[in-house]
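Chemist: Okay, handing you the structure first.
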Amino acid sequence: MDNPHHRHIRSFVLRQGHLSDAQSRALEAGLPRWGIAYQPTPLDLDAAFGRSAPKVLEIGFGMGGATADIAAARPDTDFLGIEVHGPGVGNLLKLIDEKQLSNLRLIRHDAVEVVDHMLAPDSLDGFHLYFPDPWPKKRHHKRRLVQPAFVAKIVSRLKPGAYIHMATDWEDYAIQMLDVLNAEPALRNSVDGFAPRPDWRPLTKFEQRGLRLGHGVWDLLFIKR
Ligand SMILES: C[S@@+](CC[C@H](N)C(=O)[O-])C[C@H]1O[C@@H](n2cnc3c(N)ncnc32)[C@H](O)[C@@H]1O
């Protein structure tokens, strides 16, 4: 359908969720400072961060714990995080303050629209997608983010040599990710099949528990040609 007003299938269901007092305070104080408003026009990333440095996009940072750890461990890289969930945005703003991070900016909006309208071609050095909603029911698979058209769009926003790093604890989604990334001609796998967890991705609490229970986690690391 060519109608530009036709809403695309969303990869999330917006639950308002409870905001703690600290998260509300962080939203109020932090969003004007570290947030970038959604706008349907290209964003000047260097201007948004106030410097010229490698830029990495993350979609769906959840409560933002891993995002804050990664930004703290890689101060020479700028991270743009996108999330629709209010308490998560509030929590990451709180972490930015606690950890005194200056290399993180947040957008509270549907990431698909942000990628479509705000990010210029060849503008990113990396892309992170950690534990995206698995949409386990077959009739919901169309809501999964990792599909050929979405990956092609992300790849178009990456510079040559930039990386894509994904992780999931759903085996059939991991296989779908591997198939979709392998089928994208502009990408090459950095390893044969699934990748070892890179040092920069911290083990989440949820993941530690899952690993103790014998659940698997699959990482994927691809490079744009
Ligand atoms: C299962 S959670 C994982 C969160 C986090 N990455 C982690 O590992 O704990 C997936 C997150 O992606 C967010 N999300 C899904 N689709 C999104 C979209 N199109 N734009 C922005 N956020 C999205 C959801 O709100 C949710 O918080």
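Chemist: Sort 156, 52 by Cβ crowding within 10 Å, fewest neighbours at the top.
Modeler: Details: 156 16, 52 10.
Fewest to most other Cβ atoms nearby, the residues stand as 52, 156.
Chemist: For the chain, what is the number of Lys pairs with C-alpha distance below 15 angstrom, counting only pairs 8 or more positions apart or on separate chains? Before the final figure, lay out each step's value.
Modeler: Working: 55/159; 55/224; 153/224; 159/224.
Within the chain, the lysine pair count is 4.
Chemist: Here's a follow-up. Among 96, 175, 9, what is the fewest-to-most ranking by other Cβ atoms within 10 Å? Don't jump to the answer; show the numbers that get you there.
Modeler: Working: 96 25, 175 13, 9 10.
Final ranking by Cβ density, sparse to dense: 9, 175, 96.
Chemist: If you don't mind, another one. Restricting to bridges with both residues inside the chain, how much of the DSSP beta-bridge set is antiparallel, in percent to the nearest 5?
Modeler: Working: 10 of 29 bridges.
Antiparallel bridges make up about 35 percent of those DSSP assigns within the chain.
Chemist: Compute the relative contact order of region 36-178 as a whole-number percentage, counting only Cα pairs closer than 8 Å that sit 6 or more residues apart in sequence.
Modeler: About 26 percent, as a whole number.
Chemist: Grab the DSSP H runs of the chain that are 4 residues or longer, score each as -39,500 (n - 2.57), total them, divide by all residues and round the 222 nm result to the nearest 500 deg cm²/dmol. Present the calculation step by step, with values, prior to reporting the outcome.
Modeler: On the way: 8 runs with 81 residues, N = 225.
Per the formula, -10500 deg cm²/dmol.
Chemist: Mind giving me the FRET efficiency for residue 9 and residue 99? R0 is 30 Å, r the Cβ-Cβ distance, nearest 0.05 is fine. Let's see the in-between values first.
Modeler: Working: r = 35 Å, r/R0 = 1.18.
In this case the efficiency is close to 0.25.
Chemist: Can you figure out the FRET efficiency of residue 20 with residue 209, using R₀ = 22 Å and their beta-carbon distance, to the nearest 0.05? Write out the running numbers ahead of the final one.
Modeler: Numbers: r = 22 Å, r/R0 = 1.01.
Between residue 20 and residue 209 the formula returns 0.50.
Chemist: Taking the Cα-to-Cβ direction at residue 139 and at residue 38 and moving 7 Å from each Cα, how far apart do the two end points lie in nm?
Modeler: Output for this residue pair reads 2.7 nm.
Chemist: Same structure again: Take each of the peptides 216-224, 141-149, average the number of other beta-carbon atoms within 10 Å over its residues, and list them starting from the highest. Mind showing how you got there, number by number?
Modeler: On the way: 216-224: 19.7, 141-149: 15.2.
Packing order, densest peptide first, comes out as 216-224, 141-149.
Chemist: Name the long-range amide H neighbours of residue 162: under 5 Å, sequence gap of 5 or more, or other chain; modelled H, no Pro or chain starts.
Modeler: Those lying under 5 Å, H to H, from residue 162 are 224.
Readers should treat all values here as calculations from the given coordinates under stated rules, not as data from a laboratory. The structure presented is a predicted model; accordingly, all values stated were derived computationally and were not measured. When we count neighbours, we look across all protein chains shown, and the Cβ atoms used for this are built from the backbone with ideal geometry, even at glycine.
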